[in-house]
Amino acid sequence: MSKSVTLLNQRFTPQHYVLSLSPDKQKMSFEGTVIISGKKIGQPTKRLTFHQKGLKVTKATITRHDKKGDQELRVTRINAHKAYDEVRLHTDQTIYPGNVTVRLEFSGKITRQMNGIYPCFFNHDGEQKKLIATQFESHYAREVFPCIDEPEAKATFQLTLTTPEGETVLSNTPPEKQDTTNGLTTTTFEKTPHMSTYLLAFIYGEMGYEQSKSKSGTQVRIYATASNVALTDFALDFATKALDFYEDYFGIPYPLEKCDHIALPDFASGAMENWGCITYREQALLIDEEHSPLSMKQRVAMVIAHELAHQWFGNLVTMRWWTDLWLNEGFASWIEFLAVDHIFPEWNVWTQFLVDEQQQALKLDALEHTHPVEVPIKHPDEIRSIFDTISYSKGASVIHMLQDYLGAEAFRAGLKHYLKKHEYGNTDTVDLWRALEEISGKPVMDFMHAWTSTSGFPLVNAEVENNRARITQRRFYVNPPEKPGEQLWPIALQTTESTEEESTFDQASLALTLKDPDHFLINQGSAGFYRVSYNSSHMQRLGSQIQKGHVPPEDRLGLLADIIETAKAGKTSTVDALEFVSHFEDETDYAVWDIIAGVLGSVRLVMHEEEIREAMKPFVRHLVAKELERLGWEKKDDESHFDSLLRPVILGIAANVDDPETVEHAKALFKKAHDVEDISADIRRGRAQDSKQVKRGNSIDSDLRSVVFGTVARLGDEKTFDKLVELHRNAHLSDEKVTIAAALTSFRQEKLIKRALGMIKSEDVRLQDVAYWMAYSLMNRHAREITWQWIKDNWDWLEENLGSDLSFYRIPIYVARVRSDKEFIKEYKAFFEPKLSPSFERAYNQGLEMLQWQSAWKDRDYKEVLTLFKNRK
């Protein structure tokens, strides 16, 4: 923990809050009182300090309790300190260590920014309505009531809410009592478990639900607005099964009577693990079995599994300070795959884990301005900047590596021991390592320390000649600094040789004698969090093994990802990397094709000149030809989950390189179907009486809509744009709107690009979706400059409406990742440098590095890559 962070919990430790709130939807404000029982600790003072932000504290009393009885201390002054998010209560008498009760009266504002208390807007039967919801993670409880807003300051809470009569009212625990007077209902909820402030939550408004019970009797409900209740079946079934899985896996019963999952029309993140009252963005919870793509069903399962894991890992046992956020998020990001794999083994999600989690983390962690998994937090505003790929995906990846190192059973037993030992308490990373070490008997702390306490990861280089391999390690940078460090990691090499001498490689170099050099592979199974490069001749041998079908998919995708990423850094040849892609003409695995699509997309994005984009089209068409023919446009009755996911990937690649048949088929589908899409929307709204009104032969398969809409938009005109706008306005599901937004931002014409950008500030686009529109528009090379200008022109609006949202602080990355021209670096610096703050600094530096390595890669390899594609026609 950084010494510059002064924790209020070290001066006053809360034990119990009695909180009463009266929010007013119309006035967008609230009033409240809070009674905080706790202990004054440390030196005697004449002041107590609590967190608050944006509140007006109007009255305060302090009562000290000791053997002599209760003594009320006169509060002489109430000072709010904006710089520290504090309210300071000054007394004329000394407050000695001991039991203290503080009562505060206060008022505050309900704001559009989606934290603290905020409104969610929706339409029902043509009427605009409003839910009121909360988001307190990471440090937004202080916007609603004075408190000690730190994760270690655990306490119990008893909440009372006054809300309009007839509306559903939810919080972490069930209602203890309710009274209705003069059109207002006062609900007092049961006392919560011992927990952190960021886990307290409440929601009220017009909602319905579906319910079931877990095997142990926990009530599971999925709440949604009235028109969406019918879309909760999948989530309800999965959430119940996942709750059963975790109770069995952890060996600790879920500690609450109920577990509510609430779909909110407006929500900044994907979901939030409030204990017993989990909130979600609608697209992360609701599934329309007829209209939601398969990828969305998988995503919903993953998000639910993630949030339910937090009920134990994060809620029951909580990080002591935000430095160890990864203990919450990294673990949940790993075990969500374990739960989904248990419930849907046919989805084969562990191969997808390598693409969705590990590879994304490796890309970000290859920058100099990354951060350790255990990241020091020096200022509260830095907290939001670490809710990122490192905390989530690198955290998950090193957990995955550790489980592989310990074995599944020892790992599970160690987790049970950890949770039982620390339940209702707070921990640091070392507490987890200690528990796993005690159970497994392996040196977990020695093995894991470097992976979580330092930034980056190693590049393992293998020079394989005859039956010898010389192996070295050094930190990998995609944008190498002038003086790279000499950090070494303990690496589980996991080679195909499985020799004792290389079980853990923690030196700068190692020599191996090989029994089977032709098949020699490091990081077999791709469980290790590092990249591997081989000499060119050995890569050719491995490519031959791939063509013969001798390399499993997790190793195929690892080899391909490693060679392209090392090529970006100038460590290997980009031409060799693209030649290596040629070995994948017979590839049928979805996860591997995801990597192939990423390779091709990187080349198109960074080396973006029209000459090279045209030259690579024949190469790509040939690469996808077999899978394009095998999969086609129509689903087969007996096809695998992977093939259903793969079809839009293959069709998307083919469409992007203007494969004539693919493009014409997409246009035909759109022309044939677009007139019935509105009927689909009517059915979901309940206006149409029978789903048979939609002719299935005319509708576009939900898995293929992104390909069809994207293709017709990229090649379309104003008439196509107008129709997509209409579809966007009529779309009911949140994921449908995002799919159509991607298409609306893909047009080439300046007029239509500006029209799309103009929609962002209109009622057609929810604040939660603004980042999608900006990011998609920046990815469109025809819209890039116009979008950049729009961001600059509308910066004040973005800050006012998204200023506390994680996506706002990622704008520098959105801007930088699509540029590879050195000249733009000056413009980037000139705009963002005056806006730097603790929240912005890391994203700004990461964006700057992206600009640097992308420019360097293009300058270094453009001519050779162009020559390769021209010669392969």
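The values are calculated or read from the model by the stated rules, or taken from the named source; none is laboratory data. This one's a predicted model, so the numbers in the text were calculated from it and none came from an experiment. Positions of Cβ are generated from backbone atoms using ideal geometry, with glycine treated the same way; all protein chains shown enter the neighbour counts. When the accessible area is computed, the model is the full protein with side chains, heavy atoms only, and any ligands, DNA or RNA have been set aside. Shrake-Rupley method; radii C 1.70, N 1.55, O 1.52, S 1.80 Å.
For the condition over 21 Å from PHE121 (Cβ atoms), of a type in the set (A, V, I, L, M) and either under 21 Å from the mean Cα position of the chain (by Cα) or surrounded by 15 or more Cβ atoms within 10 Å (Cβ to Cβ) (or both), what is the one hit in ILE760, ILE811?
None of the others qualify; the one that does is ILE811.
Per the listing SER582, SER509, the residue uniquely modelled with pLDDT under 95, closer than 29 Å to TRP857 by Cβ and in contact with a strand residue (DSSP E or B) (Cβ under 6 Å, 6 or more places away or on another chain) is SER509. Of the residues making up the range 29-62, those that are aliphatic (A, V, I, L, M) and either surrounded by 14 or more Cβ atoms within 10 Å (Cβ to Cβ) or under 21 Å from ALA133 (Cα atoms) (or both) are VAL34, ILE35, ILE36, LEU48, LEU55, VAL57, ALA60, ILE62. Scanning the range 716-734 for residues that are among the charged types (D, E, K, R) and within 17 Å of SER762 (Cα to Cα), we see that the one that is modelled with the lowest pLDDT is ARG729. Given the condition part of a helix (DSSP H, G or I) and open to solvent by 50 Å² or more (accessible area, probe 1.4 Å), answer yes or no: does some residue in the range 366-375 qualify? Looking through the range 366-375, none of the residues is part of a helix (DSSP H, G or I) and open to solvent by 50 Å² or more (accessible area, probe 1.4 Å). Counting only residues that are of a type in the set (A, V, I, L, M) and touching a residue at least 60 places away in the same chain (Cβ under 8 Å), which one in the range 499-555 is nearest to THR389 (Cα to Cα)? Top of the filtered list is ALA527. Do the conditions hold for GLY205, that is, is it among the small types (Gly, Ala, Ser) and open to solvent by 10 Å² or more (accessible area, probe 1.4 Å)? Against the criterion (among the small types (Gly, Ala, Ser) and open to solvent by 10 Å² or more (accessible area, probe 1.4 Å)), GLY205 does not qualify. Can you find a residue in the range 413-427 that is surrounded by fewer than 15 Cβ atoms within 10 Å (Cβ to Cβ), free of Cβ contacts under 8 Å to residues at least 24 places away in the same chain and of a type outside the set (A, V, I, L, M)? Yes, the range 413-427 contains at least one residue that is surrounded by fewer than 15 Cβ atoms within 10 Å (Cβ to Cβ), free of Cβ contacts under 8 Å to residues at least 24 places away in the same chain and of a type outside the set (A, V, I, L, M).
When HIS538 is tested against (1) under 33 Å from the mean Cα position of the chain (by Cα); (2) at pLDDT 95 or above; (3) assigned to a helix (DSSP H, G or I), just one condition goes unmet, and that condition is (1). Here VAL18 clears all of (1) under 36 Å from the mean Cα position of the chain (by Cα); (2) under 23 Å from THR163 (Cβ atoms); (3) open to solvent by 60 Å² or more (accessible area, probe 1.4 Å) except the condition numbered (3).
GLU587 passes every criterion in (1) in contact (Cβ under 8 Å) with a residue 40 or more places away in the chain; (2) surrounded by fewer than 20 Cβ atoms within 10 Å (Cβ to Cβ); (3) assigned to a loop (DSSP other than H, G, I, E, B) apart from (2).
Residues being part of a loop (DSSP other than H, G, I, E, B), open to solvent by 40 Å² or more (accessible area, probe 1.4 Å) and modelled with pLDDT of 95 or more: count how many of those fall in the range 599-628. Show your work before the answer.
First pass over the range 599-628, keeping only residues part of a loop (DSSP other than H, G, I, E, B): 607-609, 616.
Pick out the ones that are also open to solvent by 40 Å² or more (accessible area, probe 1.4 Å) and you get 608-609.
Within this subset, residues satisfying the condition of being modelled with pLDDT of 95 or more are none.
The qualifying residues number 0.
Here SER777 meets each of (1) out of contact with any Ser or Thr (no Cβ under 6 Å at 6 or more places or on another chain); (2) free of Cβ contacts under 8 Å to residues at least 60 places away in the same chain; (3) buried (at least 20 other Cβ atoms within 10 Å of the Cβ); (4) assigned to a helix (DSSP H, G or I) with one exception, condition (1). Within the range 811-834, the set of residues being assigned to a helix (DSSP H, G or I) and either of a type in the set (Asp, Glu) or at pLDDT below 95 (or both) comprises GLU823, GLU827, GLU833.
Determine, yes or no, whether GLU152 is more than 30 Å from ASP428 (Cβ to Cβ), in contact with a helix residue (DSSP H, G or I) (Cβ under 6 Å, 6 or more places away or on another chain) and not in a helix (DSSP H, G or I). In short, no.
Candidates TYR862, TYR828, TYR844: the one that is of a type in the set (Phe, Trp, Tyr), open to solvent by less than 70 Å² (accessible area, probe 1.4 Å) and under 30 Å from PRO618 (Cα atoms) is TYR862. For first residues located in the range 207-236 and within 19 Å of MET296 (Cα to Cα) and without any contact (Cβ under 8 Å) to a residue 12 or more places away in the chain, partners that are in a helix (DSSP H, G or I) and open to solvent by 30 Å² or more (accessible area, probe 1.4 Å) and lie 6+ apart or on another chain with Cβ distances below 9 Å form the pairs ALA230/ARG684.
ARG412 fulfils the conditions (1) modelled with pLDDT of 95 or more; (2) closer than 28 Å to LYS483 by Cβ except for a single criterion, (2). Please tell me if THR192 is touching a helix residue (DSSP H, G or I) at 6+ places or on another chain (Cβ under 9 Å), open to solvent by less than 40 Å² (accessible area, probe 1.4 Å), among the polar types (S, T, N, Q) and outside any strand (DSSP E or B). So THR192 fits the description; yes.
Of all residues in the range 759-770, those that are within 11 Å of LEU744 (Cβ to Cβ) have Cβ atoms under 6 Å from Cβ atoms of residues that are assigned to a loop (DSSP other than H, G, I, E, B), 6 or more apart or on another chain, in MET759/VAL765. Of the residues making up the range 269-279, not a single one is more than 21 Å from LYS420 (Cβ to Cβ), β-branched (Val, Ile, Thr) and open to solvent by 10 Å² or more (accessible area, probe 1.4 Å). Going residue by residue through the range 322-340, is there one that turns out to be within 22 Å of LEU848 (Cα to Cα) and polar (S, T, N, Q)? Within the range 322-340, not a single residue is within 22 Å of LEU848 (Cα to Cα) and polar (S, T, N, Q). Output yes when any residue across the range 739-748 is closer than 26 Å to GLU849 by Cβ, at pLDDT below 95 and either of a type in the set (Asp, Glu) or open to solvent by less than 40 Å² (accessible area, probe 1.4 Å) (or both), and no when none is. Taking every residue of the range 739-748 in turn, none turns out to be closer than 26 Å to GLU849 by Cβ, at pLDDT below 95 and either of a type in the set (Asp, Glu) or open to solvent by less than 40 Å² (accessible area, probe 1.4 Å) (or both).
Each residue in the range 701-716 was checked for being surrounded by 23 or more Cβ atoms within 10 Å (Cβ to Cβ) and of a type in the set (A, V, I, L, M), and 4 pass. Screening GLU357, GLU329, GLU382, GLU336 for residues that are within 15 Å of the chain's Cα centre (by Cα), in a helix (DSSP H, G or I) and closer than 25 Å to SER804 by Cβ leaves exactly one candidate, GLU329. Screening the range 104-145 for residues that are in a loop (DSSP other than H, G, I, E, B) and charged (D, E, K, R) and picking the one that is least open to solvent (accessible area, probe 1.4 Å) gives GLU137.
A count restricted to the range 665-707 and to residues that are at pLDDT below 50, aliphatic (A, V, I, L, M) and either under 18 Å from HIS728 (Cα atoms) or in contact with a Lys or Arg (Cβ under 9 Å, 6 or more places away or on another chain) (or both) stands at 4. Against the definition (part of a strand (DSSP E or B), more than 24 Å from THR389 (Cα to Cα), at pLDDT 95 or above and aliphatic (A, V, I, L, M)), how does ILE252 come out, yes or no? So ILE252 fails the test. Mind checking whether some residue in the range 653-664 is closer than 30 Å to VAL603 by Cβ, small (Gly, Ala, Ser), within 34 Å of the chain's Cα centre (by Cα) and at pLDDT 50 or above? Checked against the condition, which is being closer than 30 Å to VAL603 by Cβ, small (Gly, Ala, Ser), within 34 Å of the chain's Cα centre (by Cα) and at pLDDT 50 or above, the range 653-664 yields at least one hit.
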